[in-house]
Structures are given as structure tokens and as C-alpha cells.
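Right, one structure below, let's go through it.
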Amino acid sequence: MNRESWKEKVVYQIFPRSFQDSNGDGNGDLQGIISRLDYIQSIGVDTIWLSPVYESPRVDQGYDVANQREIDPMMGTMADWEQLLQQTQSRGMDLWMDLVLNHTSDQHRWFQQARDSKDSPYRDYYIWRKGEKDGEPPNNWTSYLGGSAWTYEESTDEYYLHLYNKKQPDLNWDNPKVREEIQDMVRYWIDKGVNGFRLDAINVISKDSNLPDTKESKMEGSGYKHFKNGPNVHEYLRELNEKAFSTKEGIITVGEASMVSMEDVAKYTDPDRRELDMIFMMESPSIGTDPDDSFKSRDWKLTELKEIVTRWEKELLNIGWFGLFASNHDHPRMVSSFGNDGKYRVESAKMLATLVHTLWGTPFIYQGEEIGMTNYPFESIEQLDDQMALHYYKARTERGEDPQGVERRVLAGTRDHARTPMQWDESPQAGFTTGEPWMPVNDNHREINVAAQQDDPASILNYYRQLIKLRREHADVIVHGEYAILLEDHEQVFAYVRRNDERQGLVLLNFSDQDAEFELPEDIGVCLDSAYRALGNYEPEYGKDADQVPHRLRPYEAIVFGGLQPAPQK
Ligand code: GLC
């Protein structure tokens, strides 16, 4: 069993523009983050991942990078960043940067020089092709924002490829010079002292060089079969690892990679292959969306979620490693999507956290999740900044779909729910800014805020603190132990044990807003005599022995039991 200590990390993701403003311009910034480091440390996490803070025109909120080596003036200066690094590390925490390596902004100097001349040394940094004879683009792929993945440049009579916005041209990883530039840039940040990286959209960097037409008719991202986990992706990552990540001891990497098989994950994260340390389990947070239409929700059953989690937990055990999350900057708030943001907001936020923090894998917390922040009541498309939402709306309404229906879907599914300002206190702008915030502050900040939860033992925030403490104290089981599912077919209760040869723990989660009854299987029942209740999101039922494993859970109840005897050897 691999018991490396880096696997015991708990990561806190910051979306900098929405975290804390220090200068009253309505945008979060680096000094703002510095002023909140004590808070972050108090949660118990040991790592901070910063979503991009590089120079950027912000067509895609920083995921369109104009200069990977400079800090965006909106965020502050390089001196501010260095101070942030120093202050983070002096508190015993690590700092990870976000690497956007599939594309740059069209304002990047490489693209500026590549655009106008086929002879520019930067031309081949991007992917250019002649159009088809009848004035059509080189192939029929659609971008993730809808419409063709190609944009025509008149000056050179060629098209360039962009899987995302036309202002985010894709880099040509088949060009060794591009790979060298990237390695050099990554070493630049390593030399500055960062501890790790999150790699954006990393499994789309290698395209089938024939760029064939696709038979898929998806309105967004249709060409995926020709670039997801593409032909040279593993080779390129091994090279990046060798020439950059491995140049310093202890650099940790996590890749964003959707649409992966277990075999792909194993390849990306098997330590012997020296590619990445982990990739995110993205399959579970996407369970409620239609795979062919990211703004259409789909009904899902708890048994489907269990199947996904169980497959990852079992098939990757001691082979690869992955990151666990229920919310990030690309999804609506988790308590609104998977829990209940009304009557059971507190209970369901704690229950979902219990799942993420008691599985095999590295838990990630997204800012505001730890206080149970909810979706924002957006009322009109005009309130949105999210380019995916705006493009989606445009594409569907142009095609003649009912604008109101499309708007409803977009308002429900937009990434902007996760991007409204962090709710620090009950003051008018929630303590986020003294100015006009770039995104509206949710009115519910009067009740849902950090200040109100700091000292309340029953708060979501304090539950996270306990959960992280529990995970650390029982790392041999919770981080490194094996997972076994119980009650596989139950549609309300998610139950599993975590165990090693010596010890077992039991986790019981009610995913519904109703009481849930269940009967544990006999072979686990015999281990329960010595069990004790380690954590729960309700007071133990009155008059009952708290250490006794119940047969019924209340709405969204979560309980963790420790001290189970090991399962008898078969
Ligand atoms: C990733 C980011 C997302 C961004 C996209 C394009 O999915 O998480 O925010 O829009 O890549 O860079």
C-alpha cells in the first residue's frame, strides 16, 4: 500500500475575483486573500489552489491567459503574489497555481505574432488549417461554447482551432517548441517556490493530427473523440513531468480531465508512469446534467452515484489517485444541486461534506462551500457573466428555441452561482468589498456568513473543521484504507465502510429529505459492538445510546462510526 503523506492533503480552492477585495474596486485580489489566510488555516486545510491570477482580458475569468508569467493588475502585483506565497507557507500551508495549457488568450504575444503572418516563428504555436473548398471550416467540430471550433483569419486565409472561445486559441502541443516554452514557464513558477499545480482541461491537449470530421452532432464540443485523451497526451505529460514537475522534490499535480475511463485515470496517475499525481473525479458532480447538453438537468438516482463512486474507489485502489469534490467554480453550488438549500440546508451541506471527506482520494473544498453558500436567485440573462451560459443562450434562441425556456435552464445551471462574492459577514456587501461588487452579493449573506458560523459549534463551518480533524486523526483508515459499499441498492442511504486489517469505520448518509430505514448486512453487524459515534450532523436521538448504530436516519442525516472490529477473515 502506498501511504505517501501528500495523499493526506485537504485542499481549499480560491476563485480570486470573488474571494476578498482589499482596495474597494469591487474585485477580489491578492491582498484580500492574504488578509484571510488565518481564516483559511483555521478550517484545517493544508493547501490552497488559486484559480488563475495571471494577466488576462477575462473573457473566461482568467482561464484566457495573456501572459503566464505576470500577475493581472486587477489582482495586484508580483510582489503581492510573493507575499501571498510567503504568508501561506509560513502558516504551514502549500500554494498551488492553476496552469491553463490547452490554450492562451488571443491577446497573448504568441498569438498576436502568429495571427498575421505564416512566416512568424509563432505561427506553428497554434493550429492553423486551410478551409474546405466551399468556404467551410477545416472540419465540423463544434466548440464548447457552441458554433464552429474554427475561426477564419482573413489576412492569411486560414482558420485556427479553438475548443473554447474564439478568443482562446488552442496551442499546438505537437510543436516541440510549444512544449519547451510550457516546461520553461512551469519551471519559472517552481523556482518561485510554488508547491503544486492544477492543470486545466489537460486531457484535450493532444488532437488527432488529421483533424477528421466527427459523426457526433452535439452543439457543443462535438469533436471530443478526436481530442479527449488524445494520441500523445501521455507522452506529453511524461515529458512535462520529467522536464518540469520532477525538477523539484514534492511538487504535486492534479489534472482536470472529464470523460475518462478507469483505464485512462490509471494511466494518468499511476506513480510508475510519472505523469500526474491525481485527476479529479468529475463524473460524480456531473451526475445531474445531460451529457449531451450541459444546461439540461437530468434526474439521477442515488444508486447511480454509488456506482460511480464505488467504481473509482475500487478500480483505482493502489493503482492511481484522484481528487474528490462536490463543488468548484464551474458548477452551481453543491447544496443547491445535490442537497436541499431550503429547510435542510445545514443538514444537507454537512452530509455532502461527509461523503467527500470520508472517501479514498483527496478532498477539495470550494470557497463558500464550508459555510453552505447557495445558488444566487438570478432573474435574467443580463445579470450573467459566464460566457458558456451566454453563448448557450444565444445559440439556442437563434435556432428558434423558446427564449424563456432557454433562459430558465441557463439561470439554473450557470457557473455564476459559484462566482458571487464570498459571504464574510452580515454587512451590506457581506464584507467582500467596500465598493460595488463585480457580481451581486446574495441577500442571504445576512444569515449565511463566516462571522455567524465561526463560534457556533453547530455551524457547517465547525462541522468541516471536525471532519478534517477526524480525517487526519484516522488517516490510516480514512485516507489510506480500503472502501467497501453496503446497501448497494438502497435509493436513500449511501453506506460504506473504510477499513484496513486492524480497524474499520462506518459511514451512513441519508441523501433524501425523508426518514430512511435500512438493515445492515450481517457480516458488518457482528463488528458493531465496539463501535462509537465519531461525528454526526444531528444530535443523537433522544433516549437512545449514541454509539448504537441505528436502523433509521433522519432527513439528510450523516453519521460516522469508528472503532468497528475488523471483519472476520474469510
Ligand atoms: C476549465 C475551467 C473552466 C474554463 C475552461 C476553459 O474547464 O475550469 O473554468 O472555462 O477550462 O479554460
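The values are calculated or read from the model by the stated rules, or taken from the named source; none is laboratory data. Since the structure is predicted, the reported quantities are computational estimates derived from the model, not experimental observations. Counting neighbours? That spans all protein chains shown, and the Cβs are built from the backbone with ideal geometry, glycine included.
Quick notes
- Set side by side, the residues VAL410, VAL450, VAL406 differ, and just one is touching a helix residue (DSSP H, G or I) at 6+ places or on another chain (Cβ under 8 Å), farther than 29 Å from GLY323 by Cβ and surrounded by 19 or more Cβ atoms within 10 Å (Cβ to Cβ), which is VAL406.
- Residue selection: LYS343 satisfies the criterion of being part of a loop (DSSP other than H, G, I, E, B), of a type in the set (D, E, K, R) and in the same structural domain as SER51 (by TED's automatic domain parsing).
- Identity of the residue in the range 532-549, within 34 Å of the chain's Cα centre (by Cα), surrounded by 12 or more Cβ atoms within 10 Å (Cβ to Cβ) and not hydroxyl-bearing (Ser, Thr, Tyr), that ends up farthest from GLU482 (Cα to Cα): PRO540
- Count of the range 407-442 residues which are outside any loop (DSSP other than H, G, I, E, B) and within 16 Å of the ligand (Cβ to nearest atom): 6
- Any chance PRO57 is closer than 20 Å to THR420 by Cβ, part of a loop (DSSP other than H, G, I, E, B) and out of contact with any His (no Cβ under 9 Å at 6 or more places or on another chain): no
- Within the range 496-515, the residues that satisfy the criterion of being surrounded by fewer than 23 Cβ atoms within 10 Å (Cβ to Cβ) and farther than 23 Å from GLU482 by Cβ are SER512, ASP513, GLN514, ASP515.
- Conditions (1) part of a helix (DSSP H, G or I); (2) within 16 Å of the ligand (Cβ to nearest atom); (3) farther than 17 Å from GLN168 by Cβ: number failed by PHE111: (3)
- Criterion (away from the ligand (no atom under 13 Å from the Cβ), touching a Leu at 6+ places or on another chain (Cβ under 9 Å), at pLDDT 95 or above and not assigned by TED's automatic domain parsing to the domain that holds LEU145) met by exactly one of VAL45, VAL53: VAL53
- Between ASP213, ASP191, ASP208, the distinction of being away from the ligand (no atom under 16 Å from the Cβ), surrounded by fewer than 22 Cβ atoms within 10 Å (Cβ to Cβ) and closer than 24 Å to ARG69 by Cβ belongs to ASP191 only.
- Scope the range 378-406; condition touching a residue at least 12 places away in the same chain (Cβ under 8 Å), more than 16 Å from the ligand (Cβ to nearest atom) and assigned to a loop (DSSP other than H, G, I, E, B); matching residues: PHE378, GLU379, SER380
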